[in-house]
Structures are given as structure tokens and as C-alpha cells.
Amino acid sequence: MIRDLSKMYPQTRHPAPHQPAQPFKFTISESCDRIKEEFQFLQAQYHSLKLECEKLASEKTEMQRHYVMYYEMSYGLNIEMHKQVSYYFFNYHFKWKNEYNSGHSHSKYCII
């Protein structure tokens, strides 16, 4: 399954306009606003990653459930196949032995 990474990793923050001739001078309220924006951005990213993780965990559980069902089914089919093969083998063997012995009951080469 291909996931849309643009939702998982949103666009980067908008950089502040920079004028090369002037150094950065922020007031306390501007700094607090930038910190608040950064925090909200990180919270949104954390939330989207948490949702993605929960979704993957539920998909993993579902896949494990399907695997167990498949294993149980294939194991049961394998047992049934071996039962049928054994039944036909022994049935054929005893039928052949009885037919052979009935024709050669007084022979010293009789199969037991």
C-alpha cells in the first residue's frame, strides 16, 4: 500500500523574511509567537504520526489474524490430504494382497 507522505510530513514552516543587510531583532512577543507556531507545528506532526502508527498497528493485527486463519486452514487441509492418501494406499494394498493371496492360497510364496 502506498501512503501519501505529504499528509504525514506537512510542508515546512514558512521562513521569516530575511534582509541580508539587517540582523534579526525579535521582540519577546515575536519570539513567543514563533515558539508557539513551532510548538503547534510539532503537535500537528506528532498527531498525524500517532494516527499513522495506530493505523499500522491495526493493519498488523488484521494481518496476523489472517495469517493464523490461513495457517489453520492449510494445516487442516494437509492432515485431510494425508488421511486420504493413507486410506487409498492401505485400501489398494490390502485389496491387492487379498486378490493375490486368493489366487495363490496353497503356494509357498503367499504374501502375508
Determine whether the range 70-82 contains at least one residue that is β-branched (Val, Ile, Thr), in a helix (DSSP H, G or I) and modelled with pLDDT under 90.
-> no
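Specify the residue that is modelled with the lowest pLDDT; the eligible residues are those in the range 83-110 that are in a helix (DSSP H, G or I) and basic (Lys, Arg). Give the derivation first.
Quick first cut of the range 83-110, residues in a helix (DSSP H, G or I) only: 83-103.
Checking which are basic (Lys, Arg) leaves us with 83, 95, 97.
Details: Lys83: 88, Lys95: 76, Lys97: 73.
Among residues in the range 83-110 that are in a helix (DSSP H, G or I) and basic (Lys, Arg), the one modelled with the lowest pLDDT is Lys97.
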Tally of residues being more than 33 Å from the chain's Cα centre (by Cα) and of a type in the set (Asp, Glu) across the range 27-60 | 4
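Being assigned to a helix (DSSP H, G or I), at pLDDT below 95 and among the acidic types (Asp, Glu): is that true of Glu52 here? Step through it out loud before you land on a result.
Working: assigned to a helix (DSSP H, G or I): yes; at pLDDT below 95: no; among the acidic types (Asp, Glu): yes.
Considered against the rule, which asks whether it is assigned to a helix (DSSP H, G or I), at pLDDT below 95 and among the acidic types (Asp, Glu), Glu52 comes out as no.
The values are calculated or read from the model by the stated rules, or taken from the named source; none is laboratory data. Please read all numbers here as calculations on a predicted model, not as lab measurements.
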